[in-house]
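These notes are about the structure you will find just below.
The values are calculated or read from the model by the stated rules, or taken from the named source; none is laboratory data. Please read these numbers as outputs of a predicted model, since none were measured by experiment. Positions of Cβ are backbone-derived with ideal geometry, glycine not excepted, and every protein chain shown enters the neighbour counts. Side chains are part of the model used for accessible areas, which takes the heavy atoms of the whole protein and leaves out ligands, DNA and RNA. Shrake-Rupley method; radii C 1.70, N 1.55, O 1.52, S 1.80 Å.
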Amino acid sequence: QDQQVGYTEEEYIIEPDQCLHIRALWCHEKWKTDIWDNDKYPERCEESTNPHCGAGFIPDKQDQQPYLPDGIDVCPKRAGSEGLFGAAKSNIPWSIKWARPFCSTLGAEGFWGGHTGPWFHRSQFGWHWNDGDSPNMNSNAGLRTKWSGTSAKNKYENPDITSGRFLVLREGVEANPRFSSFDCEEVNWLPVSTPNASECYDQMMERDECGKRFMTYNTANSGCACYPTNMAICKVAFRAARLSWDFEPVGDTFDGLFIDPDEERTGNKLPYEGRECPNIQWETKAGDRSHCVQKIIEGNYDDCGRKFITWNGINGGCACYPTYQETCEKAETIRQSGRQTYQLKVDPSYNPPTPTPPTLAPITTLAPVP
């Protein structure tokens, strides 16, 4: 399919990877069975409603051996992404079976959709197919994909972005969403679809049941959502194709500390892309890097220092480090997919609030009794 859209260069050639196929199988086993539920692997998916539970699961080298073909000693953890698709049927030819998930995703999300991108731009893939109801000849075939390798550049600009469809073009409000690929808990999807985010905003403002601070727009199906009138905090949840706005101005400095979210991240020095410091402590969820700083500072966690933070762009995880953590050199770091690690900076213009002196209780002087 790459040649059909003008992707003819070598960087757009994708190849199957044996370890990615096996990793997809391990993740399916972690999600659907209990064979990996033991003291060595504490994560449990039995009661989880998240179909991506276990997405990062990899057994240790010893436990991998029964699965590995000749020539592979161990399958390491590598940066990449995962997709789950259910559009195929179990009783159709393989040539059509793999095309169904691709075509349905392309039709639903378009060329620039979050689940579509890896089909065109990743260089390695691994698949695991599962028939959830094998006695039924017309059952769906579930596909779990693993994508890795280099991610080639998207040659084409999304016209929905240049058209302003994903902006709130109304006077006096922030046009750009605060959180990309996240919505908030207590989301209320309205019984209407809107062609753009601006008309979603109009719907939110007109409805009495909607608060006027938070809004979410679904870029895949034009869904429009608002939130309760008394909601003051967005507890984020990772959701593909979601854009969420916070219409109350939010500062960039929190208790005198900040990060520069536009500062270039590399794998060699702070701020890091794809690396975390030692002694990481996952505390909460955040919709972006600055939101993570805000959540850590305002959360006032006893076990958190104020020198480094890590945000996981894959699932919104937000982490701090112990109060004694003073360094995060590259040699100390651990390579982990999706991690964005920053050293907090001190705002030189910040003036801490002057503490209010305590009000002293009035002193009553008793007159002597004659």
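Here segment 222-236 is the region considered, the condition is being among the hydrophobic types (A, V, I, L, M, F, W, C) and open to solvent by less than 20 Å² (accessible area, probe 1.4 Å), and the residue that is nearest to residue 209 (Cα to Cα) is 226. Would you mind stating whether residue 365 is farther than 15 Å from residue 257 by Cα and either at pLDDT 95 or above or surrounded by fewer than 19 Cβ atoms within 10 Å (Cβ to Cβ) (or both)? It is true that residue 365 is farther than 15 Å from residue 257 by Cα and either at pLDDT 95 or above or surrounded by fewer than 19 Cβ atoms within 10 Å (Cβ to Cβ) (or both).
When each of 225, 286 is tested for being at pLDDT 95 or above and within 19 Å of residue 316 (Cα to Cα), the lone residue that passes is 286. Right, residue 100: without any contact (Cβ under 8 Å) to a residue 40 or more places away in the chain and among the basic types (Lys, Arg) or not? Yes. Taking the criterion of being surrounded by fewer than 14 Cβ atoms within 10 Å (Cβ to Cβ), farther than 20 Å from residue 314 by Cα and not β-branched (Val, Ile, Thr), would at least one residue in segment 124-133 satisfy it? Scanning segment 124-133, I find at least one residue that is surrounded by fewer than 14 Cβ atoms within 10 Å (Cβ to Cβ), farther than 20 Å from residue 314 by Cα and not β-branched (Val, Ile, Thr), so the answer is yes. Of all the numbered requirements in (1) surrounded by fewer than 18 Cβ atoms within 10 Å (Cβ to Cβ); (2) in contact with a Lys or Arg (Cβ under 9 Å, 6 or more places away or on another chain); (3) free of Cβ contacts under 8 Å to residues at least 60 places away in the same chain, residue 267 misses one, and that requirement is (3). Of 63, 73, 34, all but one fail to be over 30 Å from residue 133 (Cβ atoms) and either surrounded by 15 or more Cβ atoms within 10 Å (Cβ to Cβ) or modelled with pLDDT of 90 or more (or both); the exception is 73. If you go through segment 267-291 and keep only what is part of a loop (DSSP other than H, G, I, E, B), in contact with a Phe, Trp or Tyr (Cβ under 9 Å, 6 or more places away or on another chain) and of a type in the set (S, T, N, Q), you end up with just 279. Restricting attention to segment 1-15, the residues that are open to solvent by 90 Å² or more (accessible area, probe 1.4 Å) and either touching a helix residue (DSSP H, G or I) at 6+ places or on another chain (Cβ under 8 Å) or in contact (Cβ under 8 Å) with a residue 40 or more places away in the chain (or both) total 3. The residue of segment 114-132 that is modelled with the lowest pLDDT, among those that are within 19 Å of residue 27 (Cα to Cα) and in a loop (DSSP other than H, G, I, E, B), is 132.
Note on segment 274-328: among residues that are open to solvent by 20 Å² or more (accessible area, probe 1.4 Å) and acidic (Asp, Glu), the one that is farthest from the chain's Cα centre (by Cα) is 326.
For segment 331-355, the set of residues classified as out of contact with any helix residue (DSSP H, G or I) (no Cβ under 9 Å at 6 or more places or on another chain), open to solvent by less than 90 Å² (accessible area, probe 1.4 Å) and closer than 30 Å to residue 114 by Cβ consists of 333, 334, 336, 337, 338, 339, 341, 343, listed by residue number. Of the candidates 253, 216, the single residue that is hydroxyl-bearing (Ser, Thr, Tyr), touching an Asp or Glu at 6+ places or on another chain (Cβ under 7 Å) and closer than 22 Å to residue 114 by Cα is 216. Restricting attention to segment 154-168, the residues being open to solvent by 80 Å² or more (accessible area, probe 1.4 Å) and β-branched (Val, Ile, Thr) number 2.
Residues that are within 24 Å of residue 85 (Cα to Cα), in contact with a Phe, Trp or Tyr (Cβ under 6 Å, 6 or more places away or on another chain), touching a residue at least 12 places away in the same chain (Cβ under 8 Å) and assigned to a strand (DSSP E or B): does segment 152-163 have at least one? No, segment 152-163 contains no residue that is within 24 Å of residue 85 (Cα to Cα), in contact with a Phe, Trp or Tyr (Cβ under 6 Å, 6 or more places away or on another chain), touching a residue at least 12 places away in the same chain (Cβ under 8 Å) and assigned to a strand (DSSP E or B). Pairs are defined by a Cβ separation below 7 Å, a sequence spacing of at least 6 or placement on different chains, a first member in segment 285-302 that is more than 14 Å from residue 340 (Cβ to Cβ), and a second member that is hydrophobic (A, V, I, L, M, F, W, C) and assigned to a loop (DSSP other than H, G, I, E, B); the pairs so defined are 295/286.
Looking at 90, 81, just one residue is over 15 Å from residue 21 (Cβ atoms), over 22 Å from the mean Cα position of the chain (by Cα), surrounded by 15 or more Cβ atoms within 10 Å (Cβ to Cβ) and touching a residue at least 24 places away in the same chain (Cβ under 8 Å), and that residue is 90.
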